[in-house]
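A.B. asks: Take a look at the following structure, please.
The values are calculated or read from the model by the stated rules, or taken from the named source; none is laboratory data. As the structure is a prediction and not an experimental result, all values here were calculated from the model. All Cβ positions, even for glycine, are placed from backbone atoms using ideal geometry, and neighbour counts span all protein chains on display.
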């Protein structure tokens, strides 16, 4: 059984992420969307929230499992028996960073390969950061996030705005 891991913060998951995930799910028997609990980023959603949102956004893909993880992606891959790390690329700048990470992963875990997929053209400009930036200003963009993500963003910012008024 070929198992792949698509790891990231997914804060929040976008249609660009889902594009990569849907295509990966056709190449491998099982794909694990691995959500990093601890990372260097300032996340909007807590790990449990990101997990729940991603589960809702991926429920239409039968061979996808969503899990939280800590530590190195290659160590997580070993723990779940995955042989492949999936990485999505939007632009040449993504490739340079991802290439360096893939080489380091190969040094640490030679048995695990990296597979790079270009995102669909309509999602090349999409990132979780840009979605969050627009959402903080009251614009939850359509056509680049799932309805469950839009709902979570609206809830998050409604609660935040209410709390600021108190």
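A.B. asks: Hey, among 82, 54, which residue is in a helix (DSSP H, G or I) and surrounded by 12 or more Cβ atoms within 10 Å (Cβ to Cβ)?
C.D. replies: Among 82, 54, only 54 is in a helix (DSSP H, G or I) and surrounded by 12 or more Cβ atoms within 10 Å (Cβ to Cβ).
A.B. asks: Now a separate question. Inspect all residues belonging to region 16-32 and state whether any of them is over 13 Å from the mean Cα position of the chain (by Cα) and either assigned to a strand (DSSP E or B) or free of Cβ contacts under 8 Å to residues at least 12 places away in the same chain (or both).
C.D. replies: yes
A.B. asks: In region 90-111, how many are part of a helix (DSSP H, G or I) and out of contact with any strand residue (DSSP E or B) (no Cβ under 7 Å at 6 or more places or on another chain)?
C.D. replies: 13
A.B. asks: Still on this structure, I have one more. Among the residues of region 18-54, what is the count of those that are within 20 Å of residue 82 (Cβ to Cβ) and out of contact with any strand residue (DSSP E or B) (no Cβ under 7 Å at 6 or more places or on another chain)?
C.D. replies: Looking only at that region, the number is 6.
A.B. asks: On the given criteria, is residue 15 modelled with pLDDT under 95 and either over 23 Å from residue 98 (Cα atoms) or buried (at least 19 other Cβ atoms within 10 Å of the Cβ) (or both)?
C.D. replies: no
A.B. asks: Would a scan of region 61-79 turn up a residue that is touching a strand residue (DSSP E or B) at 6+ places or on another chain (Cβ under 6 Å) and at pLDDT below 95?
C.D. replies: No.
A.B. asks: Those residues that are free of Cβ contacts under 8 Å to residues at least 24 places away in the same chain and part of a helix (DSSP H, G or I), I need them from region 33-51; list them, please.
C.D. replies: Selection gives 47, 48, 51.
A.B. asks: Would you mind stating whether residue 121 is out of contact with any helix residue (DSSP H, G or I) (no Cβ under 7 Å at 6 or more places or on another chain) and closer than 21 Å to residue 24 by Cα?
C.D. replies: yes
A.B. asks: Let me ask something else. Determine which single condition residue 98 fails, assuming it passes every other condition in (1) within 19 Å of residue 24 (Cβ to Cβ); (2) surrounded by fewer than 13 Cβ atoms within 10 Å (Cβ to Cβ); (3) free of Cβ contacts under 8 Å to residues at least 60 places away in the same chain.
C.D. replies: (2)
A.B. asks: May I pose another question? Return the residue satisfying two criteria in turn: it lies in region 112-148 and is part of a loop (DSSP other than H, G, I, E, B) and in contact with a strand residue (DSSP E or B) (Cβ under 7 Å, 6 or more places away or on another chain), and of such residues it is nearest to residue 54 (Cα to Cα).
C.D. replies: By that ranking, first place goes to 119.
A.B. asks: Continuing with the same structure: Based on what the data block shows, is residue 65 in contact (Cβ under 8 Å) with a residue 12 or more places away in the chain, under 13 Å from the mean Cα position of the chain (by Cα), surrounded by fewer than 21 Cβ atoms within 10 Å (Cβ to Cβ) and within 26 Å of residue 140 (Cβ to Cβ)?
C.D. replies: Judged against the criteria, residue 65 is not a match.
A.B. asks: Can you tell which of 43, 105 is in contact with a helix residue (DSSP H, G or I) (Cβ under 9 Å, 6 or more places away or on another chain), surrounded by fewer than 21 Cβ atoms within 10 Å (Cβ to Cβ) and at pLDDT below 95?
C.D. replies: After applying the criteria, what remains is 43.
A.B. asks: Is it true that residue 70 is in contact with a helix residue (DSSP H, G or I) (Cβ under 7 Å, 6 or more places away or on another chain), over 22 Å from residue 23 (Cα atoms) and without any contact (Cβ under 8 Å) to a residue 60 or more places away in the chain?
C.D. replies: Criteria not met by residue 70.
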